[in-house]
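Asks: Quick one: the structure is below, questions incoming.
The values are calculated or read from the model by the stated rules, or taken from the named source; none is laboratory data. Keep in mind that what you see is a predicted model, and the values were worked out from it rather than measured. Every residue, glycine as well, gets a Cβ built from its backbone with ideal geometry; the counts of neighbours run over all protein chains shown.
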Amino acid sequence: MAVGALHKEIEIKVAVPDLPALEIRLRSLGFQIYQPRVFESNLIFDTPDAALRARGELIRIRQAGIKSIFTYKGPATVKRHKEREELELSVGDPQTFGVILERLGYVPRFRYEKFRTEWAISGDDGVVMVDETPIGIYMELEGPADWIDRVAGMLGFAEPDYLNISYARLYAQDCESRGVLPSHMVFDEKAVPLTTGA
């Protein structure tokens, strides 16, 4: 989405069993990479009593390459797709912005990392985002609901494949399946401290 814009986010995730096959299929359908693969570090903040989470809201600082973005997401409506308000703005100094959030009473709660590649067809209504994460590869389709269903179908996915939960929830499920305590969804946990430097 355009940073600085008011936006209603409509999306789904699906697990990707074969990344090379997906990339071949995307190209065969006319998709091209319009945002090359980039490493993302995302830090979610909340109040100490998790009030935002209880209301279904989220605030996040994302660093992706040289870009840093602050995001607010409102409560989600989940039917076949997940739909929620999303507001974003560019942040010039994410470390200082994180300290400001902490001074206002928010604390870092969850960090997650991924490598993201974005695909699109020029003039099309939606975006295909391929995320390589520590718990597997996922594809997010974001756009109008009918576009999501059409593109998912062309890529070999159907409604039973749709995942309408966050990466935090996917990570918690993965930890539960492996019998480990959840921490942060990072590639090298020892190298990624939670604190922002406050």
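Asks: Just wondering, is there one or more residues in the range 18-31 that are closer than 22 Å to Ala158 by Cβ, more than 12 Å from the chain's Cα centre (by Cα), of a type in the set (Val, Ile, Thr) and not in a strand (DSSP E or B)? First the steps, then the outcome.
Replies: Narrowing the range 18-31 to residues closer than 22 Å to Ala158 by Cβ: 18-31.
Now narrow it down to the ones that are more than 12 Å from the chain's Cα centre (by Cα): 18-31.
Cutting the leftovers down to of a type in the set (Val, Ile, Thr) gives us 24.
Checking which are not in a strand (DSSP E or B) leaves us with 24.
Yes; the residues of the range 18-31 include at least one that is closer than 22 Å to Ala158 by Cβ, more than 12 Å from the chain's Cα centre (by Cα), of a type in the set (Val, Ile, Thr) and not in a strand (DSSP E or B).
Asks: Have a look at Glu132, Glu140 and point out the one that is modelled with pLDDT of 95 or more and closer than 21 Å to Phe70 by Cα.
Replies: Values: Glu132 fails: closer than 21 Å to Phe70 by Cα.
Sole residue among the options that is modelled with pLDDT of 95 or more and closer than 21 Å to Phe70 by Cα: Glu140.
Asks: Could we say that Phe187 is of a type in the set (Phe, Trp, Tyr), modelled with pLDDT of 95 or more, within 26 Å of Ile61 (Cα to Cα) and surrounded by fewer than 18 Cβ atoms within 10 Å (Cβ to Cβ) here? Show your work before the answer.
Replies: Details: of a type in the set (Phe, Trp, Tyr): yes; modelled with pLDDT of 95 or more: no; within 26 Å of Ile61 (Cα to Cα): yes; surrounded by fewer than 18 Cβ atoms within 10 Å (Cβ to Cβ): yes.
Taking the combined requirement at face value, the residue does not satisfy it.
Asks: For a quick check of your reading of the model, give me the residue pairs whose first member lies in the range 125-137 and is under 10 Å from Tyr171 (Cβ atoms), whose second is of a type in the set (Lys, Arg) and part of a strand (DSSP E or B), with beta-carbon atoms closer than 6 Å and at least 6 apart or on different chains.
Replies: Thr133/Lys114
Asks: So which residues in the range 86-101 are surrounded by 15 or more Cβ atoms within 10 Å (Cβ to Cβ) and closer than 28 Å to Pro144 by Cβ, if there are any at all?
Replies: Glu86, Leu87, Glu88 - these are the residues of the range 86-101 that are surrounded by 15 or more Cβ atoms within 10 Å (Cβ to Cβ) and closer than 28 Å to Pro144 by Cβ.
Asks: Look at Ile121 and say whether it is over 20 Å from Gln63 (Cα atoms), in contact (Cβ under 8 Å) with a residue 60 or more places away in the chain and buried (at least 16 other Cβ atoms within 10 Å of the Cβ). Steps first, please.
Replies: Numbers: over 20 Å from Gln63 (Cα atoms): yes; in contact (Cβ under 8 Å) with a residue 60 or more places away in the chain: yes; buried (at least 16 other Cβ atoms within 10 Å of the Cβ): yes.
Yes.
Here is a yes/no grid of residues against (1) on the phi > 0 side of the Ramachandran plot; (2) of a type in the set (A, V, I, L, M, F, W, C):
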residue	(1), (2)
Ala51	no, yes
Arg55	no, no
Leu58	no, yes
Arg62	no, no
Gly65	yes, no
Tyr72	no, no
Leu87	no, yes
Gln95	no, no
Arg103	no, no
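Asks: Among the residues in the range 75-93, are any in a helix (DSSP H, G or I), within 19 Å of the chain's Cα centre (by Cα) and of a type in the set (A, V, I, L, M, F, W, C)?
Replies: Just the residues of the range 75-93 that are in a helix (DSSP H, G or I), to begin with: none.
The answer is no; no qualifying residue exists.
Asks: Okay, next question. Could you check the range 135-186 and list, in sequence order, the residues that are touching a strand residue (DSSP E or B) at 6+ places or on another chain (Cβ under 6 Å), closer than 21 Å to Asp18 by Cβ and part of a loop (DSSP other than H, G, I, E, B)?
Replies: Within the range 135-186, Phe157, Tyr162 meet the criteria.
Asks: Please determine, by comparing only the residues of the range 46-101 that are among the hydroxyl-bearing types (Ser, Thr, Tyr) and in contact with a Gly (Cβ under 8 Å, 6 or more places away or on another chain), which one is farthest from Ser166 (Cα to Cα).
Replies: Ser90
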